[in-house]
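Before any comments, here is the structure.
The values are calculated or read from the model by the stated rules, or taken from the named source; none is laboratory data. As the structure is a computational prediction, the values presented were derived from the model and not from experiment. We place every Cβ from the backbone using ideal geometry, glycine too, and count neighbours over all the protein chains shown. In case anyone asks, the SASA skips ligands and DNA or RNA and just uses the protein heavy atoms, side chains included. Shrake-Rupley method; radii C 1.70, N 1.55, O 1.52, S 1.80 Å.
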Amino acid sequence: MFSAAESAQAPVAHTPISARIERDLLIALTFVLPLFEAPKNILWVALLAVWLVNRARARTFGGRWDHWDTLIAAWIASGFVVAAFAGIRDDEWHSAADIVRYGSVLWVLKRSRYPDTTWFALIAAIVCGTLIALAWGYYTTLNANAYRDLNLNSVGHVNHSANYLAIVCGVALMAARVRWQRMSLPWRAACCALLAFLVVSVFWMQSRATVGATFAMALVLLSAYAVRRGQSLVPIALSAVLAAGAVLVLSPQVVQKNTKFAERSYWLNGRDEIWRVGVAAWREFPAFGVGMGNFNRIDTQRLQSWSERRGEAFDRKAYLPAAHGHSLFVNALAERGLFGLGILLAVLAAWAAALVRRFPDADASPLVWIYWGGAAAACMITIGAGLLNTTLHHEQALLSVLLLGGWLSISRNL
């Protein structure tokens, strides 16, 4: 399907200076993504402006319109359609802009034909930016006077930071795997140290859903590569058993946390009560939901009013109002209704299909495998961790579309 010779991408036909500016803006955006808020937004706007100017000068915007273009356009528009018909009025228009941000980046990358050097630089920026953000997080955590969660500065909440970090783990794992045979011993040691640092940090953040999704993601990536190259799965299976055993023996805090919840029969840590809030909101506004960003406006008073209007008894203890739905799917159902959830599911289905249908051949170049692995890792973390956490928004979504957009571009003509 894909050959190593076919993996090279031709640069876009525009002036060298404008090409360098576009490349630098993209790399800078990727680098600061987990670090700073304001520069990220400035770089995003600048990248879009330069990309449009460059493509207008070249008189090409990346080829014919296809099903992905239609899907991205529908995805971006869905936030504003939901905002127009939102059941609650507050933050729906502002929050809809989040889809514009990551949807436009996906569109830009999907329609770009960067040289391999740019795509490799993008991967380096993802990893380096995350390492610096993680070091900053450790410094802040370890020097705090009171307990403080480990997180990435611009990503925020520990669960969101854990999901971001898990995706980067997948990128680093695939990059190390495809380069392993060509690496010198010092480079192999450095890769092992990097992966160990990332994995330990995911455990430190204590997101049970993310830890489980990361373990499953690593097994899938390594197994997919081995199967495609005709290698045995026995070493991977043995490594998985040893890793699971080590976790049980060492009993990190995330395992202790899970044990405590199990002893109290409180496995979901209040998520079931939060999900009831989301379902109640969807029942009240089934088509378009309460509006993006308005989950936190679903308070006890509203819940009681909705129940009484339907002639149902209201049990205050059965609900736990929260800032968001603590599930990608419940949150989307409550905030965007069946319309928005349907668009989201279509995107996720197309994403998975692009990975399966364009599964790289054994002799595909390292670049092809790295972007396939990165896009697959982002997909698995988005869906797997998204069952219990609200994924695919803000920095997590931007990181995911950088990898997915890169894969769609690289694999387009292979």
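Among the residues of the stretch 350-381, which ones are buried (at least 24 other Cβ atoms within 10 Å of the Cβ) and of a type in the set (Val, Ile, Thr)? VAL368, ILE370, ILE381 - these are the residues of the stretch 350-381 that are buried (at least 24 other Cβ atoms within 10 Å of the Cβ) and of a type in the set (Val, Ile, Thr).
Do we find that PHE36 is within 26 Å of LEU348 (Cβ to Cβ) and either touching a helix residue (DSSP H, G or I) at 6+ places or on another chain (Cβ under 6 Å) or touching a residue at least 40 places away in the same chain (Cβ under 8 Å) (or both) in this structure? It is false that PHE36 is within 26 Å of LEU348 (Cβ to Cβ) and either touching a helix residue (DSSP H, G or I) at 6+ places or on another chain (Cβ under 6 Å) or touching a residue at least 40 places away in the same chain (Cβ under 8 Å) (or both). For first residues located in the stretch 113-135 and free of Cβ contacts under 8 Å to residues at least 12 places away in the same chain and closer than 11 Å to ILE27 by Cβ, partners that are open to solvent by less than 40 Å² (accessible area, probe 1.4 Å) and assigned to a helix (DSSP H, G or I) and lie 6+ apart or on another chain with Cβ distances below 6 Å do not occur. Taking the stretch 102-118 as the range and being crowded, with 17+ Cβ neighbours inside 10 Å and part of a loop (DSSP other than H, G, I, E, B) as the test, the residues that pass are ARG111, SER112, ARG113, TYR114.
Quick grid of which residues meet (1) surrounded by 14 or more Cβ atoms within 10 Å (Cβ to Cβ); (2) farther than 20 Å from ALA376 by Cβ; (3) more than 26 Å from the chain's Cα centre (by Cα):
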| residue | (1), (2), (3) |
| --- | --- |
| ALA196 | no, yes, no |
| GLY212 | yes, no, no |
| LEU219 | yes, no, no |
| GLY230 | no, no, yes |
| VAL247 | yes, yes, no |
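Among the numbered conditions (1) part of a helix (DSSP H, G or I); (2) farther than 19 Å from TYR371 by Cβ; (3) in contact (Cβ under 8 Å) with a residue 12 or more places away in the chain; (4) open to solvent by less than 40 Å² (accessible area, probe 1.4 Å), the only one that LEU152 does not meet is (1). Between ILE27, ILE17, ILE99, the distinction of being in a helix (DSSP H, G or I), open to solvent by 30 Å² or more (accessible area, probe 1.4 Å) and over 19 Å from TRP407 (Cα atoms) belongs to ILE17 only. Taken together, SER327, SER400 contain a single residue that is among the hydroxyl-bearing types (Ser, Thr, Tyr) and under 30 Å from LEU303 (Cβ atoms), which is SER327. Within the stretch 248-265, residues that are part of a helix (DSSP H, G or I) and modelled with pLDDT under 75 sit with their Cβ atoms under 6 Å from residues that are open to solvent by 100 Å² or more (accessible area, probe 1.4 Å) and not polar (S, T, N, Q), at 6+ positions apart or across chains, in these pairs: PHE261/TRP267. Criterion applied to ALA121, ALA49 was being at pLDDT 95 or above and either closer than 18 Å to GLY340 by Cβ or crowded, with 16+ Cβ neighbours inside 10 Å (or both), and the one residue passing it is ALA121. Checked against (1) in a loop (DSSP other than H, G, I, E, B); (2) closer than 14 Å to ALA166 by Cα, VAL202 passes all but a single condition, namely (1).
Which ones in the stretch 289-317 are surrounded by fewer than 23 Cβ atoms within 10 Å (Cβ to Cβ) and touching a Leu at 6+ places or on another chain (Cβ under 9 Å)? The answer is PHE314, ARG316. Is the stretch 51-70 home to any residue that is of a type in the set (A, V, I, L, M) and within 23 Å of the chain's Cα centre (by Cα)? Within the stretch 51-70, none of the residues are of a type in the set (A, V, I, L, M) and within 23 Å of the chain's Cα centre (by Cα). Tell me yes or no: at least one residue of the stretch 352-365 is among the acidic types (Asp, Glu), within 26 Å of ALA83 (Cα to Cα) and touching a residue at least 40 places away in the same chain (Cβ under 8 Å). No, the stretch 352-365 contains no residue that is among the acidic types (Asp, Glu), within 26 Å of ALA83 (Cα to Cα) and touching a residue at least 40 places away in the same chain (Cβ under 8 Å). The condition of being of a type in the set (Lys, Arg), over 16 Å from the mean Cα position of the chain (by Cα), open to solvent by 60 Å² or more (accessible area, probe 1.4 Å) and at pLDDT below 95 holds for ARG179.
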